[in-house]
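**Q** Below are the structure tokens for one structure; questions will follow.
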Amino acid sequence: MWRAGAVALLLVPPGPVVRVSVEPGAVAITTGQCNGVELDVRLTNAGAEPVYADARLAAADVLHMPRRAISTWLPPGYTRTVPVAVSAPTGTAPGVYLVRVTGAGQRVEVPVTVSPPSPSPDLTRSVSRVNASSYRAGLLPCGALDGDADPARWWKGTGWADSTGKEWPDWLQLRWAAPQTVSRVTVTTVDSAEFPVAQFGLRDWDVQVAGPGGWQTVAAVRGNTAVTVTSDFAPRVTTEVRILTHAANGTNDWSRITEVAVS
Amino acid sequence: MVPYQLPAHRPAPDLRAAALPRRALIALGAAALATALTPVSAVARVSGAPVRDDPFTLGVASGDPLPDGVVLWTRLAPRPLEPAGGLGGVSLPVRWQVAEDEAFVRVVRAGTATARAEYGHAVHVDVRGLRPGRVYYYRFRCDGHLSAVGRTRTAPAENASPRQLRFAVASCQSYTDGFFTAWRHLAAEDLDLVFFLGDYMYEGAVDSAGGSRLDSGLRLPDIFQLATDTLDLYRLRYALYRTDPDLQAAHAAFPWVPTWDDHEVQDNYAAGVPRFDISAQDFLVQRANAYRAYWENQPLRRPRQPAGAGMPLHRRLRFGDLATAHVLDTRQYRSDQACGDGVKPDCPERYEPQRSLLGPEQRGWLLDGMNRAGTRWNVLAQQVIMTELRYGIRLDMDKWDGYPGDRQAVLDVAARHPGTVVLTGDIHFNYAADLRVDFRSPGTPAVGVELIGTSISSGGDGGETTPALQRQLADNPHLLFANAQRGYVRCSLNRDTLRADYRVVPYVTRRGSSVMTRASYVSYRDRPGLEPA
């Protein structure tokens, strides 16, 4: 098959051997980088022989869906479930948009209803953009803004970690589309049998807000061994808040944050 | 195996469905329903449509030299960081040429191959009919676009008695840990081939600036935040690595003899056992996807091509009567790591007789091949440290230390046949070590030597030494050299001597570091044992 002209012609077997499905069949999200959902795209080999299967993913232009293809080997009877992240940037017009998955001669369309987040004293819900100095697969910046502050679940993708062990400082930065009044930042680090806070928790950090002259430190935490620390400070009007981390309690020296809340 | 593809570029109607009433949407229920489309051909059609942008963004490569031929490789990707390289589901014809001269005046072989969509638009050409021990130049052409020119070299004739074989040993090129400057320097060396001993790519996230490269111009798409587990993601990851100009230069300069280690699939996996908490079946599918992408992206012959979850990678190459290279796979067939993996005190499980690093078939193939080689040297191109390496009372269960039965079998054969050289990667340190049948008897003669090459970039800038390396030198008398910098090992194998130069670069997190020889060792075939050159 490395020579020209040697194109094998295979017969298409009757009926779909690979089945494509998506769950849930319809979703509603609010705008904001971290307010999206994951659609489970499932490719099932219903035939008797292993196959390599492909699916293509498309979304309305306004939606943010980094994944545009799935290719995988499928042994007989096996289903590969691939979580596909979909979000709508802050400012997206409310409406119903489509995600389309095509593959193995089938097409699945999932309507995505987009609306702005409801006003909430918890300003993390209306963050338009979150960034970090670095991150690891499965421990992305949005993990620290997903509303799950259970410090035992950090490792399950509900938190953030930097990818530069023993190199400091690291940072996690939250931005709003419009200025907000902030006076309280709560940081939850990790704590579980596997990752006890005394060994793996965040020890030293600064809470900073963006001002006309650059970042201003409004609170500093040092020598921490608690799981959750709330920093209160005089109200500031800003579009950006940053957690600047300086040290952890030893092991591997990563920055580990399960959740950040701003109000 | 029947790959299923849709025709490329099906016109996409407007994906906004604002007119749909909300109630109707809710009634769609738990799972979206699939609509059947017109059946399509199972094999992508070969397109005659023009390719507008340069499809040779991933460079060219050659590998596995034989006396009469070599494998040529390229992969088409006009937009390398997009699915299918921006080519969609069509396959494309690719012309290739092999010439005796760099200007392609004396073309000796030429043909047309097909870059198939179902193989990620990779091209493998198994060129034969070449003359032994000769330098050749090769290039590809696709729709008016010419690839870079690659230089390669065939192996000496089977019955030749070559005076020398010059090669480099390299491994472990984490993109996010730094630049591939060491490859740029290696490309300027005078070599016959490169042994690449694994960790060609890393499966974890790559941020938009390429990690420690802090390359703000890179602007990688968010898809690189995902750890690789499906074929599309592995393909994209190889494409990212292959866009690196220094790596492209090293591929274009010499034929490579590649093998893999763990990160081409997942950190520290053992055969079908994942390191992390996923089901055995899910992991087997991940491994199949990783192996397929590895095949697509390396200059390997057709017999190496995987069928599902397995891929036969171990193989032998012969260089006249001078050397036989036994290329090993210490991942696919190994027993799970003993004593719970990691660096652990000794435990009884380590000695269980059924445990194997190579698997029974490959072990038999290796021992038999070492016994029968009949060449001056037996070169074992493989992944993990073979020499015993004690960390105080602890041993690293991921290495040959975790599989002492297989190691003893190899060393017993080495004791009967002079000229055993073990080449190793994996560990991101330079070491030089003497191999003994009994490592606890430092007075006994060595039966071979092991050259352990550091990483191209993995581990970041590195340094001259570490406290742990100093401790290892003290705890392990057969360990002669230890160094924590990045680079590669340049070797020359003569009729009676082996010489190894440990080439290092002082930093990798910035571009442009120089290269220097940090240490040089020699060993004599009939009196093995490394000594400073």
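Here, each number is a calculation from the coordinates, and none is a lab measurement. Computed from a predicted model, the values in this text were never measured in an experiment. Cβ: placed from backbone, ideal geometry, glycine included. Neighbour counts: every protein chain shown.
**Q** Once the mean 1/r over all distinct Cα pairs of the stretch B:217-314 is inverted, what Kirkwood radius in angstroms do you read off?
**A** 14.6
**Q** Also, quick follow-up: When you look at the Cβ of every residue in A:46-56, what mean number of other chain Cβ atoms sits within 10 Å?
**A** 5
**Q** Enumerate by residue number the chymotrypsin sites (Phe, Trp or Tyr not before Pro) in the stretch B:230-282 meeting two conditions: DSSP loop (anything except H, G, I, E, B), and at most 11 other Cβ atoms within 10 Å of the site's Cβ.
**A** Those satisfying the criteria are B:PHE276.
**Q** A further question follows. At 20 °C and a viscosity of 1.002 mPa s, what translational diffusion coefficient does Stokes-Einstein give for the stretch B:72-150, taking Rh as the Kirkwood radius over Cα pairs? Give it in µm²/s as a whole number.
**A** 161
**Q** Order these by the 10 Å Cβ neighbour count, fewest first: B:GLU264, A:GLU259, B:GLU118.
**A** B:GLU118, A:GLU259, B:GLU264
**Q** What is the average number of partner chain Cβ atoms found within 10 Å of a Cβ in B:292-299?
**A** Whole-number average of other-chain Cβ neighbours for B:292-299 is 1.
**Q** Shielding by partners for A:23-32, please: the mean number of other protein chain Cβ atoms within 10 Å of each residue's Cβ.
**A** Taking all residues of A:23-32 together, the mean is 3.
**Q** I want to check the label-to-label distance for A:THR239 and A:TRP168. Put each point 7 Å from Cα in the C-beta direction and report it in nm to one decimal.
**A** Computed distance between label sites A:THR239 and A:TRP168 equals 3.1 nm.
**Q** While we're on this one: B:THR509 to B:THR465: FRET efficiency via 1/(1 + (r/R0)^6), r the Cβ-Cβ distance, R0 25 Å, to the nearest 0.05? Kindly include the intermediate steps, with their values, before the conclusion.
**A** Working: r = 19 Å, r/R0 = 0.76.
That gives a FRET efficiency of 0.85.
**Q** Follow-up question, since we're still on this one. Report, for the stretch B:301-419, the % of DSSP beta bridges that are antiparallel, rounded to 5.
**A** The antiparallel proportion sits near 65 percent.
**Q** Write down Rg/Rh for the stretch B:243-399, rounded to two decimals, with Rg from the C-alpha atoms and Rh from the Kirkwood relation over Cα pairs.
**A** 0.98
**Q** At 0.36 nm per residue, minus the direct Cα-Cα distance, what do B:ARG106 and B:ASP412 gain on full extension? Give it in nm, one decimal, please. Walk me through the numbers before you get to the answer.
**A** Details: separation 306, 0.36 × 306 = 110.16 nm, distance 4.91 nm.
Extending this stretch completely gives an extra 105.2 nm.
**Q** Put a dot 7 Å past each Cα toward the Cβ at B:CYS347 and A:SER192; how far apart are the dots in nm?
**A** Taking the simple label geometry, A:SER192 and B:CYS347 are separated by 2.2 nm.
**Q** Same structure, new question: Working only with C-alpha atoms, what are the Rg and Dmax values of chain A, expressed in angstrom?
**A** In Å, with Rg to one decimal and Dmax whole: 22.5, 75.
**Q** Using a Cα-Cα cut-off of under 16 Å, which lysines could be cross-linked to B:LYS344, ignoring same-chain neighbours fewer than 8 residues away?
**A** Result set, ordered by chain and number: B:LYS399.
**Q** Then there is this: Find the eigenvalues of the gyration tensor of the Cα atoms of the protein assembly as shown, then list the square roots of 5 times those eigenvalues as equivalent ellipsoid semi-axes, largest first, in whole angstrom. Don't jump to the answer; show the numbers that get you there.
**A** On the way: eigenvalues 416, 245, 111 Å².
They are 46, 35, 24 Å, listed from largest to smallest.
**Q** Average the reciprocal distances over every distinct pair of alpha-carbons in chain B, invert the result, and give the Kirkwood radius in Å.
**A** 24.3
**Q** Tally the DSSP beta bridges in chain B and give the antiparallel ones as a percent, rounded to 5.
**A** Roughly 80 percent of the DSSP beta bridges within chain B come out antiparallel.
**Q** Evaluate the distance, in nm, between pseudo-label points positioned 7 Å from the Cα of A:ALA28 and of B:ASP190 along their respective Cα→Cβ axes.
**A** Label-label distance for A:ALA28 and B:ASP190, simple model: 7.5 nm.
**Q** At 222 nm, what value in deg cm²/dmol follows for chain A if DSSP H runs of at least 4 each add -39500 (n - 2.57) and the sum is divided by all its residues, to the nearest 500?
**A** Value at 222 nm, helices only: 0 deg cm²/dmol.
**Q** For a bin width of 5 Å, list the pair-distance distribution of the stretch B:127-217 built from all Cα-Cα distances, rounded to whole %.
**A** Histogramming the stretch B:127-217 at 5 Å steps yields 3, 10, 15, 15, 16, 16, 14, 6, 4, 2, 0 percent.
**Q** Per residue and in Å³, how big is the convex hull formed by the alpha-carbon atoms of the stretch A:101-207?
**A** Value for the stretch A:101-207: 167 Å³ per residue.
**Q** Given R₀ = 60 Å, what would the calculated FRET efficiency be for A:ALA152 paired with B:ARG128, taking r from the Cβ atoms and rounding to 0.05?
**A** In this case the efficiency is close to 0.50.
**Q** Moving on. In degrees, nearest 10, range 0 to 90: what is the angle between the Cα axis of helix B:280-297 and the longest Cα principal axis of chain B?
**A** 90
**Q** Rank-order B:428-438, B:509-519 by packing density, defined as the average count of other C-beta atoms within 10 Å over each peptide's residues, highest first. Before the final figure, lay out each step's value.
**A** Working: B:428-438: 22.3, B:509-519: 14.9.
Averaged packing, sorted descending, gives the order B:428-438, B:509-519.
**Q** Output the peptides B:338-344, A:142-148, A:101-107 sorted from most to least packed, where packing is the average of other Cβ atoms within 10 Å over each peptide's residues.
**A** On the way: B:338-344: 16.1, A:142-148: 21.0, A:101-107: 22.7.
Packing proxy ranking, top to bottom: A:101-107, A:142-148, B:338-344.
**Q** Taking 1 over the mean of 1/r across every pair of different Cα atoms in the stretch A:37-85, what Kirkwood radius in Å do you get?
**A** 11.7
**Q** Report the extension gain between B:ARG495 and B:ASP222 in nm, rounded to one decimal, defined as 0.36 nm multiplied by the number of residues separating them, less their alpha carbon distance.
**A** 93.0 nm
**Q** Then there's this: Considering all alpha-carbon pairs of the stretch B:285-325, what whole percent are spaced by more than 15 angstrom? Please report the intermediate quantities before stating the final value.
**A** On the way: 382 of 820 pairs.
Tail of the P(r) past 15 Å holds 47 percent of the pairs.
**Q** Can you give the FRET efficiency for B:ARG440 and B:LEU214, using 1/(1 + (r/R0)^6), R0 = 51 Å, r = Cβ-Cβ distance, to the nearest 0.05?
**A** 0.65
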